[in-house]
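Everything below concerns the one structure shown next.
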Amino acid sequence: MKTIKNTIVLLMIGGLLFSSTERVNALGGNAAFWPEDEANISVFPQAVNNFNLANTDGEDFYVSWGDDMKFGFSGGTSSDLVNLSWGMNNMGLNFGLNMTPEVEAVECAADDSDCVEVEGVEGVSIINTQFGMTLDGVGDVGVHFMNSTMHDHGDHFDYEDGMTLGLTLRRAQELWVFSHALVNFNYEDPTDEDAVMNLGADLFTHLDIAENTTGLFAMGFGYTNEGEDGDIHFPKMTFAVESAWTDWATVRAGFTKDWSLTNTSSAGVTPNFGLGFNYGSFVLDMSVGSDIFTNPVQKVTGFDSLNASSFNLTYMW
């Protein structure tokens with residue numbers, strides 16, 4: 001069932017991945033904690049109104065532009081029919097349609113040397129929609145809906161037909177040492193499996209650590225229920241720092257920790273590191289290993305490999 005849950009969440013978020021994520025990945029992984037980043041388009045679709053941009057991760061692309069009205073397009077996977085975004089004023093919409101045809105099985109007789117066996121694969125149909133608005137007195141709202149008809153599909157995914165609903169709210173909220181609040185709800189209902197519900201609430205704030213250095217601290221709780229099994233996570237913490245290394249290079253570090261009250265255990269702190277390079281006409285963001293700090297001079301000047309695991313090239317105008 002974990003495969004089902006993780007796959008649905010991946011498609012829910014990644015299936016409509018319209019923008020660069022490498023900066024956010026290096027800063028803790030939650031785009032909603034960084035409202036100015038274009039990765040928010042995948043959480044709050046109305047964020048498309050803030051950008052004219054084009055980016056690629058080397059395998060896919062996304063481009064959106066417009067004046068009073070924005071339109072965006074991405075390639076997606078080989079079986080995606082369409083992935084598009086739209087925005088106007090305080091509203092935004094993401095829409096994705098995935099259709100993969102059924103493959104009929106071919107079985108061969110033992111004495112038929114010319115026959116080629118083919119494994120049967122059931123068809124796939126996924127409709128993925130996100131709508132967002134920024135409301136006065138409320139904040140940023142994002143609503144998510146996905147309907148899927150997918151079974152065993154070769155080397156790809158294996159879970160039952162089902163529906164996914166989600167809601168995300170972010171607003172300015174002065175409370176204790178924090179400046180913003182984030183609430184998210186996700187409900188996954190596979191046809192022949194137990195439903196999965198996820199609820200999270202976080203408070204976060206940005207810290208002016210020094211000139212050209214910004215920090216983030218977030219803390220919250222999460223609740224997951226799957227059939228008769230439930231799990232409460234508190235505290236969930238994220239700490240991240242982004243600092244200008246030179247006038248054209250930025251270094252990033254993000255750390256997350258999630259404590260399970262139900263199991264009285266934690267996987268410990270998960271670190272992530274990244275670099276950003278501003279080349280004037282475009283920006284390069286990448287995820288790197290922690291060894292960037294053990295030999296920074298040779299790393300940043302190109303005399304030693306950065307060991308980058310993924311990247312994004314982004315153009316803005």
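A few notes on this one:
- Residue 39 more than 25 Å from residue 148 (Cα to Cα), aliphatic (A, V, I, L, M) and within 15 Å of the chain's Cα centre (by Cα): no
- Among (1) farther than 26 Å from residue 287 by Cβ; (2) modelled with pLDDT of 95 or more; (3) out of contact with any Ser or Thr (no Cβ under 8 Å at 6 or more places or on another chain); (4) surrounded by 16 or more Cβ atoms within 10 Å (Cβ to Cβ) - the single one residue 178 does not satisfy: (3)
- Failed criterion for residue 227 (all others in (1) surrounded by fewer than 16 Cβ atoms within 10 Å (Cβ to Cβ); (2) among the small types (Gly, Ala, Ser); (3) at pLDDT 90 or above hold): (3)
Here's the yes/no breakdown for (1) exposed (fewer than 14 other Cβ atoms within 10 Å of the Cβ); (2) β-branched (Val, Ile, Thr); (3) assigned to a strand (DSSP E or B); (4) out of contact with any helix residue (DSSP H, G or I) (no Cβ under 7 Å at 6 or more places or on another chain):
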| residue | (1), (2), (3), (4) |
| --- | --- |
| 64 | no, no, yes, no |
| 67 | yes, no, no, yes |
| 84 | no, no, yes, yes |
| 94 | no, no, yes, no |
| 109 | yes, no, no, yes |
| 114 | yes, no, no, yes |
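- Within region 22-66, the set of residues being acidic (Asp, Glu), under 21 Å from residue 167 (Cα atoms) and free of Cβ contacts under 8 Å to residues at least 60 places away in the same chain comprises 36, 37.
- Subset of region 257-271 [in a loop (DSSP other than H, G, I, E, B), of a type in the set (Val, Ile, Thr) and either touching a Phe, Trp or Tyr at 6+ places or on another chain (Cβ under 6 Å) or within 17 Å of residue 26 (Cα to Cα) (or both)]: 269
- Restricting region 281-317 to residues that are over 25 Å from residue 59 (Cβ atoms) and in a loop (DSSP other than H, G, I, E, B), the residue that is modelled with the lowest pLDDT: 303
- Residue within region 33-44 that is part of a strand (DSSP E or B) and crowded, with 22+ Cβ neighbours inside 10 Å present: no
- Within region 267-278, residues that are without any contact (Cβ under 8 Å) to a residue 12 or more places away in the chain have Cβ atoms under 9 Å from residues that are of a type outside the set (A, V, I, L, M, F, W, C) in these pairs: 267/257; 267/258; 267/260; 268/257, counting only partners at least 6 apart in sequence or on another chain.
- Residues of region 53-101 that are over 19 Å from residue 43 (Cα atoms) and polar (S, T, N, Q): 77, 78, 79, 98, 100.
- Residue match in region 133-140 (condition: touching a strand residue (DSSP E or B) at 6+ places or on another chain (Cβ under 7 Å), acidic (Asp, Glu), closer than 20 Å to residue 202 by Cα and outside any loop (DSSP other than H, G, I, E, B)): yes
- Meets criteria (touching a residue at least 40 places away in the same chain (Cβ under 8 Å) and either β-branched (Val, Ile, Thr) or farther than 30 Å from residue 180 by Cβ (or both)) for residue 118: no
The values are calculated or read from the model by the stated rules, or taken from the named source; none is laboratory data. Because the structure is a prediction, the values reported are computed rather than measured. Counting neighbours? That spans all protein chains shown, and the Cβs are built from the backbone with ideal geometry, glycine included.
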